[in-house]
1. Name the one entry in Gln73, Gln14, Gln116 that is surrounded by 21 or more Cβ atoms within 10 Å (Cβ to Cβ) and polar (S, T, N, Q).
2. Out of Thr110, Thr78, report the one residue that is away from the ligand (no atom under 16 Å from the Cβ), touching a helix residue (DSSP H, G or I) at 6+ places or on another chain (Cβ under 8 Å) and without any contact (Cβ under 8 Å) to a residue 12 or more places away in the chain.
3. Could you please let me know if Gln143 is surrounded by fewer than 16 Cβ atoms within 10 Å (Cβ to Cβ) and touching a Lys or Arg at 6+ places or on another chain (Cβ under 8 Å)?
4. Scan region 131-143 and report the pairs whose first residue is touching a residue at least 60 places away in the same chain (Cβ under 8 Å) and whose second residue is in a helix (DSSP H, G or I), with Cβ atoms within less than 6 Å and a gap of 6+ or a chain change.
5. Out of Leu240, Leu142, report the one residue that is closer than 27 Å to Lys107 by Cβ, of a type in the set (A, V, I, L, M) and within 16 Å of the ligand (Cβ to nearest atom).
6. Within region 38-63, work out how many residues are of a type in the set (Val, Ile, Thr), touching a strand residue (DSSP E or B) at 6+ places or on another chain (Cβ under 8 Å) and without any contact (Cβ under 8 Å) to a residue 60 or more places away in the chain.
7. Could you please find all residues in region 226-252 being surrounded by 18 or more Cβ atoms within 10 Å (Cβ to Cβ) and in contact with a Leu (Cβ under 7 Å, 6 or more places away or on another chain)?
8. In region 215-237, which residue that is of a type in the set (Gly, Ala, Ser) and more than 16 Å from the ligand (Cβ to nearest atom) is farthest from Asp139 (Cα to Cα)?
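The values are calculated or read from the model by the stated rules, or taken from the named source; none is laboratory data. This one's a predicted model, so the numbers in the text were calculated from it and none came from an experiment. All Cβ positions, glycine included, derive from the backbone under ideal geometry; neighbour counts span all protein chains shown.
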Amino acid sequence: MKFTKKQIDRYSRQIILKKIGVVGQKKLLKSSVLIIGVGGLGSPIAIYLAALGIGKIGIVDKDNVEISNLSRQIIFTTNDVKKNKSSIAIKKLKKINPSIQLKSFNKNLTIQNINQVAKNFDLIVDGSDNFRTRFLINDYCLQNKKILVSGAISKFDGQVYTFNFSKKKSPCLRCFIPNAPTEHDIDNCEYEGVLGTLGGIIGSIQANEVAKEILGIGDTLCGYILIIDGLKLTFRKVKLNKRSDCNCNEKK
Ligand SMILES: [Zn+2]
């Protein structure tokens, strides 16, 4: 892969970094990332990943844009209301970075279609808003040894966790939450509310983790959960151990 003059200009502020350079920028351009859900988290994740030059980005979302999404889903504008999120998001990303590959999946992820959708992507970013999808993605990434960068927001708080299932020591979501809550147990932001900026804070950290995992730089968040209190503005990195009776042990 040889850089064009335009690419060198576009990525110059990253290429100039010793820890990235031409070699790192090529790694980013050769990588592929699937973003699941383009909502409060998926919006900043998609914008940053396209801007920093991830070579191939897929976006999964079946929903249409609603007016109540606009307080936090910053990739959309008022004119987008009632249009499909994944296809609109792809159009916006094309404008941000026309030279990367983009693919929209206008569907809900299911156990039947997840392999078809995700198999051609190296890394999965979870920006979904329900536990059914979160556990589906966790189990798929675990089985297929893919890296998963996940985030969640509610009210004024947020969490980020990374699972690198190519590492034997990596815990999984089920180590952290042994019993998947049912939809009735969970208050998502539709009911609980959320301050829009939390999507930006958590989503940007998720995009930062994706870049670090691809580049192999810095300290990975794998094995920890980052808990952010947006009101007190505290960031706590809590050790997340593999549970000895979790499924993820059996499959290794
Ligand atoms: Zn586990």
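1. Details: Gln14 fails: surrounded by 21 or more Cβ atoms within 10 Å (Cβ to Cβ); Gln116 fails: surrounded by 21 or more Cβ atoms within 10 Å (Cβ to Cβ).
Step by step, each of Gln73, Gln14, Gln116 is checked, and only Gln73 is surrounded by 21 or more Cβ atoms within 10 Å (Cβ to Cβ) and polar (S, T, N, Q).
2. Working: Thr110 fails: without any contact (Cβ under 8 Å) to a residue 12 or more places away in the chain.
Result of the check over Thr110, Thr78: Thr78.
3. Values: surrounded by fewer than 16 Cβ atoms within 10 Å (Cβ to Cβ): yes; touching a Lys or Arg at 6+ places or on another chain (Cβ under 8 Å): yes.
When the stated conditions are applied, Gln143 passes them.
4. Cβ pairs passing all conditions: Leu142/Cys248.
5. On the way: Leu240 fails: closer than 27 Å to Lys107 by Cβ.
Answer to the selection: Leu142.
6. Keep residues of region 38-63 that are of a type in the set (Val, Ile, Thr), which gives 38, 45, 47, 54, 57, 59-60.
If we keep only those that are touching a strand residue (DSSP E or B) at 6+ places or on another chain (Cβ under 8 Å) too, we end up with 38, 45, 54, 57, 59-60.
Pick out the ones that are also without any contact (Cβ under 8 Å) to a residue 60 or more places away in the chain and you get 57, 59-60.
Residues that pass the stated criteria total 3.
7. Answer for region 226-252, where residues must be surrounded by 18 or more Cβ atoms within 10 Å (Cβ to Cβ) and in contact with a Leu (Cβ under 7 Å, 6 or more places away or on another chain): just Cys248.
8. Narrowing region 215-237 to residues of a type in the set (Gly, Ala, Ser): 216, 218, 223, 230.
Checking which are more than 16 Å from the ligand (Cβ to nearest atom) leaves us with 216, 218, 230.
Working: Gly216: 24, Gly218: 26, Gly230: 30 Å.
Step by step, filter region 215-237, then rank; the result is Gly230.
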